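Notes to accompany the following structure.
Any read-out appearing in this document is the output of simple, stated calculations on the displayed coordinates, not a laboratory observation. Values in this document were obtained by computation on a predicted structure and should not be read as measured data. All Cβ positions, glycine included, derive from the backbone under ideal geometry; neighbour counts span all protein chains shown.
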Amino acid sequence: MDWMKLKENRSDWQIFKMRADVIDSIRHFFKSEGFLEVQTPVMSPSLIPESYLEVFQTELKDKLGRKTKAFLTPSPEIWHKKLLAAGSGNIFEITKSFRNTDIGGHFHNPEFTLLEWYRTKADYKDTMVDCENLIREINLGKSEINYQGNVIKINGPFEKVSVAEAFERYTGIKVDKLFDREVLKKFVKKKRYRLSGDCSWDDLHNLIFLTEIEPKLGFGKPTILFDFPAQFAPLAKTSSSDPRFKERFELYICGVELADAYNELADPVEQERQLKKEMRLRKKAGMISHPFDNDFIAALRSGLPDCSGVALGVDRLMMIMTDKTDINQVLLFSGEEIFNL
Amino acid sequence: MIKAGSITKGMFLDWNGDPVIIADKEFYNPGKGAAVVRLKIKNLKTGNVAKEVLRTDEGVEEIDVQLKKSQFLYKTGDQFVFMNNRSYEQIEVDQKVVEDVKQFIKEGEEYGLSIWQDEVIAVLLPKRIVFEIAKTEQAIKGDTVTGSTKPATLDNGAVIQVPLFIKKGERVIVSTETGQYVGRKN
């Protein structure tokens with residue numbers, strides 16, 4: 001949102017007044033649920049490695065001129081897990097997170113507002129309920145959200161569909177065939193996707209999901225898509241009903257992914273193994289190198305309570321609440337505007 | 001041959017032999033697997049719009065499109081007549097090529113004509129165009145804060161929503177990206 005545009009169109013201030021009210025509603029919701037609001041750093045000397053996102057790097061100098069590399073956090077998870085190990089109980093934070101190269105799309109800004117919360121002695125079914133109640137609270141008791149001509153009813157339970165069910169419903173591929181690369185390859189070929197050369201199962205799964213399934217999620221009611229194939233959620237707990245899947249869920253409204261949640265894996269050995277793998281992938285891809293957060297592993301080793309964590313994109317939530325199709329419209333100064341890109 | 005990851009909005013590509021224009025592009029970083037882009041592709045031969053998802057390193061072919069900066073002169077039958085700014089030649093563009101953007105076509109305004117294989121396949125718009133308000137109701141009490149708007153007819157016949165304080169004869173700036181009023185022209 002350009003400030004000159006705001007000056008000319010005073011009515012656009014409504015969007016930002018609503019944003020302030022939504023933040024208030026979020027706080028009120030978690031406080032009334034007995035959560036502690038925490039504030040953690042956005043700058044850290046080390047991070048937990050994630051190969052699918054790039055980071056921002058800066059430098060801390062002390063009075064003697066000594067320099068230390070510092071990195072902007074892509075999410076507050078590293079701090080929250082340490083607090084959970086320290087006995088915080090239920091916590092939430094509304095903070096800025098930073099992901100480099102996330103610019104140029106309608107749903108990303110390199111600096112964005114993340115709501116992250118963790119519920120202890122709980123499981124992801126409990127945080128699914130949190131999502132339902134939170135959306136209702138933010139919508140000020142109204143039973144519907146209107147987005148781009150679609151009416152989304154939020155008073156009843158949200159639609160809950162597993163990845164396996166979604167594949168069957170939208171592509172006809174049944175769960176016993178879902179992990180067969182040849183089956184996915186055949187589907188993609190029949191549908192004439194633009195795909196040359198060979199493609200891994202992961203890539204085939206993602207192409208099919210993004211083409212056939214994601215655009216249909218969250219219409220009529222919000223959709224909670226749960227239980228992902230294990231390779232897409234290595235840090236989540238394995239599903240008790242089907243070990244091929246892990247306990248993760250995403251919240252969708254009108255095809256827009258608003259939140260990502262896990263039943264957190266507390267096994268420090270497995271976590272460390274997965275993270276070291278991510279580190280290797282980052283190195284291979286020539287991404288910015290950062291120290292591994294060993295303190296994070298120490299916190300896991302000291303014992304994490306059973307918990308479920310959720311990360312919700314507040315800017316995307318605002319897009320849905322104000323019926324906007326571009327994230328620039330709900331940010332006072334978007335990355336594209338201030339960096340002139 | 002370029003990679004799908006480098007595709008930008010407005011680019012012209014060869015899609016299975018047809019000329020297409022990229023109407024929109026979205027990127028997606030899956031937690032695992034290659035990064036992908038979701039493209040909204042308009043087929044300039046058939047007029048069809050389709051959504052396609054590609055891996056960012058998938059190869060795509062750009063087509064050789066010439067851009068001729070031209071001024072819109074007038075409409076006759078179903079032809080929109082433009083004049084090339086450099087050569088002064090008159091170029092007739094079929095109505096169906098202009099169909100999607102005709103509300104932004106205004107006499108005297110400059111446009112980019114995209115030419116492929118000697119045919120105009122698209123008309124490129126400036127980001128913002130200034131129009132004069134030809135007709136609008138006088139608002140009883142202009143309220144600049146509540147966000148109420150009213151319809152106004154522009155000097156090319158198109159109708160858009162404007163703030164209540166806008167009067168007939170005033171010049172306004174319209175964004176061709178959103179089709180909406182963005183401000184008054186001083």
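Observations, loosely collected:
- Environment charge of residue B:151, counting only residues whose C-beta is closer than 11 Å and scoring Lys/Arg +1, Asp/Glu -1: +1
- Residues of the range B:87-118 with amide N under 12 Å of a point placed 7 Å along Cα→Cβ from residue B:79: B:90-95
- Per-residue ellipticity at 222 nm computed for chain A from its helices equals -10000 deg cm²/dmol, with DSSP H segments shorter than 4 residues left out and the rest contributing -39,500 (n - 2.57).
- The alpha carbon radius of gyration of the range B:128-184, expressed as a multiple of 2.2 N^0.38 Å, is 1.02.
- Pairwise alpha-carbon distances in the range A:122-179 exceed 17 Å for 56% of all pairs.
- q = 0.19, 0.30 Å⁻¹: log10 I(q)/I(0) that the Debye formula gives for the range A:253-303, counting C-alpha atoms only: -0.79, -1.10
- Working from label points 7 Å from Cα in the Cα-to-Cβ sense, the residue A:137 to residue B:109 distance is 4.7 nm.
- Antiparallel content of DSSP bridges confined to the range B:128-184, in %, to 5: 100 percent
- Size of the protein assembly as shown from its Cα atoms: along the principal axes, largest to smallest, the extents are 78, 60, 59 Å.
- Dipole magnitude of the range A:121-269 about its Cα centre (Cβ charges: Lys, Arg +1; Asp, Glu -1), debye to nearest 20: 720 debye
- Each Lys or Arg adds one and each Asp or Glu subtracts one; over the other residues with Cβ under 10 Å from the Cβ of residue A:118, this totals -2.
- D (Stokes-Einstein, µm²/s), Kirkwood Cα radius, the range A:223-341, 0.692 mPa s at 37 °C: 194 µm²/s
- Peptide A:208-221 has a mean of 2 when you count, residue by residue, the C-beta atoms of other protein chains within 10 Å of its C-beta.
- Once the Cβ-Cβ distance of residue B:132 and residue B:16 is raised to the sixth power relative to R0 = 45 Å, the FRET efficiency obtained is 0.55.
- Per residue, chain B reaches -500 deg cm²/dmol at 222 nm when only DSSP H runs of four or more residues are counted, each adding -39500 (n - 2.57).
- Magnitude of the charge dipole for the protein assembly as shown, about its Cα centre and with charges confined to Cβ atoms of Lys, Arg (+1) and Asp, Glu (-1), is about 440 debye.
- Solvent-free Debye calculation, one equal scatterer per alpha-carbon of the range B:66-124: log10 I(q)/I(0) at 0.17, 0.18, 0.22 Å⁻¹ equals -0.45, -0.51, -0.78.
- Given 13 as the ceiling on other Cβ atoms within 10 Å, longest exposed-site-free region of chain A for trypsin sites (Lys or Arg not before Pro) in DSSP loops: A:193-341
- Ignoring lysines fewer than eight residues from residue A:61 along the same chain, the ones with Cα atoms less than 20 angstrom from its Cα are A:69.
- Residues of the range A:133-155 with an amide N closer than 12 Å to a point placed 7 Å from the Cα of residue A:25 along the Cα-to-Cβ direction: A:133-146, A:154-155.
- FRET efficiency for residue A:244 and residue A:61, using Cβ-Cβ distance with R0 set to 51 Å, rounded to 0.05: 0.55
- Taking 12 Å as the cut-off, the amide N atoms of the range B:41-78 that come nearer than this to a point 7 Å along the Cα-to-beta-carbon line of residue B:96 belong to B:44-48.
- The charge dipole of the range A:1-128, taken about the Cα centre with unit charges on the Cβ atoms of Lys, Arg (+1) and Asp, Glu (-1), comes to about 420 debye, rounded to the nearest 20.
- Environment charge at residue A:282 (Cβ cut-off 13 Å; Lys +1, Arg +1, Asp -1, Glu -1): +2
- Note on B:31-41: average number of Cβ atoms from other chains within 10 Å of each residue's Cβ is 6.
- Projected area averaged over orientations for the range B:2-62, convex hull of C-alpha atoms, nm²: 3.7 nm²
- Rg and Dmax over the alpha-carbon atoms of chain B stand at 19.6, 59 Å.
- Convex hull volume of the C-alpha atoms in the range A:142-232, normalised per residue: 108 Å³.
- 29 Å Cα-Cα threshold exceeded, pairs from B:25/B:68; A:81/B:51; A:174/A:246: A:81/B:51
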